[in-house]
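See below for the structure under consideration.
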Amino acid sequence: MPSLKDLRLRITSVKSTRKITSAMKMVAASKLRRAQMAAEAARPYAERMERMLGALAGSLAGQQGAPRMLAGTGQDDVHLVVVVSSDRGLCGGFNSSIVRDVRRLIADLQRQGKTVKVLTVGRKGRDNLRRDHAKLITESVEGIGRKGVSFADADQIAAKITSMFEAGEFDVCTIVYNRFRSAISQEVTRQQLVPFPVPAVSEEKGGEVKALYEFEPSEEGILDELLPRNMAVQVFRALLESSASEQGARMTAMDNATRNAGEMIDRLTIQYNRSRQAQITKELIEIISGAEAL
Amino acid sequence: MAETLQFELVSPEKLLVSEPAEMVTVPGSEGDFGALPRHSPMIATLRPGIIDIYEGGNIRNRIFVAGGFAEVNEERCTVLAEEAVPVSELKAEDAAARLKAAEEALQAAETDQARAQAKRAHDVAVAMQAALSGGQPAAH
């Protein structure tokens, strides 16, 4: 049975915890709004990029000598897994669900006899995976999205992936991130980056004949520039989705924590009042029985 | 009003410009080209330079881009650029500082990749200075 003083201290401590979690929830909510806006603003670029790629791939289809980034190396032995996690914790199942999925992916690939390499983005993913896959982690990036995700960050990661690919260090690259569905639900998503699955050219409505593009300088010349760009765009999109998801997950987690803290305070207060009353009663009985004994 | 095409300038972070224009000249990597309404479909890479947006036969807006891609079709001209600044907002000091940084990077570059990257930054800086002095740099 805790003493009255212990209970009082406990209540104060839970109250201040609740203050912190509710403040974190508000911060996460405002960051979520910003992250969502950023994700929306980035959409037009990705869409147009996709359209161009579709047009290019459409005209290159069936031809020999498509760039390796599009066609792949023809092998399937070494897989690079890019893991997008967050730098900070306290965001519910955000990081653990990513890590769980990556573990499963690694196990699957290894069972098929593939070599797996891992590139982590975010501190939490690295720390979690280091425990049993330390040897697989070839590179890790941190400090993304402290002040909102910038395209330069994505570009840097994409450049790393591209240079690894050009050095022949992997055949297939998959990025794993939390896709933002709503503030309370995220979905772990695997997306293949290399070889890049070409978006199916959507048929223009009305059965219109698809425009034949002229290319300047040449299809190959443009693709050579477009593909690394596209990689950066895809990474950027994953980072944006992930940062929106992170804030969403944190908001939900902190909301729950605040509610739990509230319940705990209620419970502790009842307990405190009861034991205070019990003590008063006890003291009264002592006084009365003391007086009676005289 | 004369026939127009929809001009769009998009950076990875957001849609920068989306407006109708009578003509747009774009610095293609193999020479500048003008896009008028009903231009035949084309995809081109860009070099660092200036996009001019025309209205009523006059330049309405000039935007500096540091390379990118352009997609032109009958009713649209879409430019994907990583970096785009209106020419009126370019600053001489920035351009000079970038040129200096790029020159240093070019000197220090050891791998082919780093050299190519520095070269590109250098080209951008040179084009930026050319844009400031009013002319277009020569196509290379």
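In the context of the full set of protein chains, residues of region B:43-115 present 48 Å² of accessible surface per residue (probe radius 1.4 Å, heavy atoms only). For A:K114, the lysines whose Cα comes closer than 20 Å to its Cα, not counting residues fewer than 8 places off in the same chain, are A:K135.
Computed from the C-alpha gyration tensor, the three semi-axes of the ellipsoid equivalent to region B:5-87 are 16, 14, 12 Å, from longest to shortest.
Split the accessible area of region B:5-87 by element, probe 1.4 Å, and carbon with sulfur accounts for 47%. Per-residue shielding of B:41-49, expressed as the average number of other chain Cβ atoms within 10 Å of the residue Cβ, stands at 5. Other residues with beta-carbon under 11 Å from the beta-carbon of B:H122 carry, at +1 per Lys or Arg and -1 per Asp or Glu, a net charge of +2. Working from label points 7 Å from Cα in the Cα-to-Cβ sense, the A:I288 to A:L4 distance is 1.9 nm. In terms of the mean number of neighbouring beta-carbon atoms within 10 Å, the peptides B:3-12, A:3-12 order highest first as B:3-12, A:3-12. Global size of region A:1-89: 26.4, 82 Å for Rg and Dmax (C-alpha atoms, Rg to one decimal, Dmax whole).
Could you tell me what fraction of 2.2 N^0.38 Å the Cα radius of gyration of chain B comes to, as a two-decimal ratio?
Here the answer is 1.09, to two decimals.
One quarter of the surface of the convex hull around the alpha-carbon atoms of region A:154-294 equals 17.2 nm², the direction-averaged projected area. Take the Cβ-Cβ distance between B:K91 and B:D32 as r, set R0 to 35 Å, and report the resulting FRET efficiency rounded to the nearest 0.05. That pair, B:K91 with B:D32, gives E of 0.90.
In terms of distances greater than 20 angstrom between alpha carbons, the cross-link table entries A:K117/A:K160; A:K117/B:K119; A:K5/A:K25 yield A:K117/B:K119; A:K5/A:K25. Average 1/r across all pairs of distinct alpha carbons in chain A, invert it, and you get the Kirkwood radius: 22.7 Å.
For chain A, DSSP calls about 35 percent of its internal beta bridges antiparallel. Of all lysines in the structure, the ones whose alpha carbon falls short of 22 Å from that of B:K14, not counting any fewer than 8 places away in one chain, are A:K31, A:K147. With the cut-off at under 19 Å, measuring from each backbone N in region A:147-178 to a point 7 Å along the Cα-to-Cβ line of B:K14 picks out A:147-154.
I need the Debye-formula profile for region B:91-132: one equal scatterer per C-alpha, no solvent, reported as log10 I(q)/I(0) at q = 0.15, 0.24, 0.28 1/Å, two decimals. For region B:91-132, the Cα-only Debye profile gives -0.32, -0.69, -0.84.
Placing dummy labels 7 Å off each Cα toward the beta-carbon, the span from A:S96 to A:D132 is 1.5 nm.
Association of chains B and A removes close to 2500 square angstrom of accessible area from solvent, both sides included, for a probe radius of 1.4 Å.
The values are calculated or read from the model by the stated rules, or taken from the named source; none is laboratory data. What you are looking at is a predicted structure, and each value in this text was computed from that prediction instead of being measured. Virtual Cβ from ideal backbone geometry, glycine too; neighbours counted across all protein chains shown. Accessible surface is based on the protein model in full, side chains and every heavy atom, while ligands, DNA and RNA are left aside. Shrake-Rupley method; radii C 1.70, N 1.55, O 1.52, S 1.80 Å.
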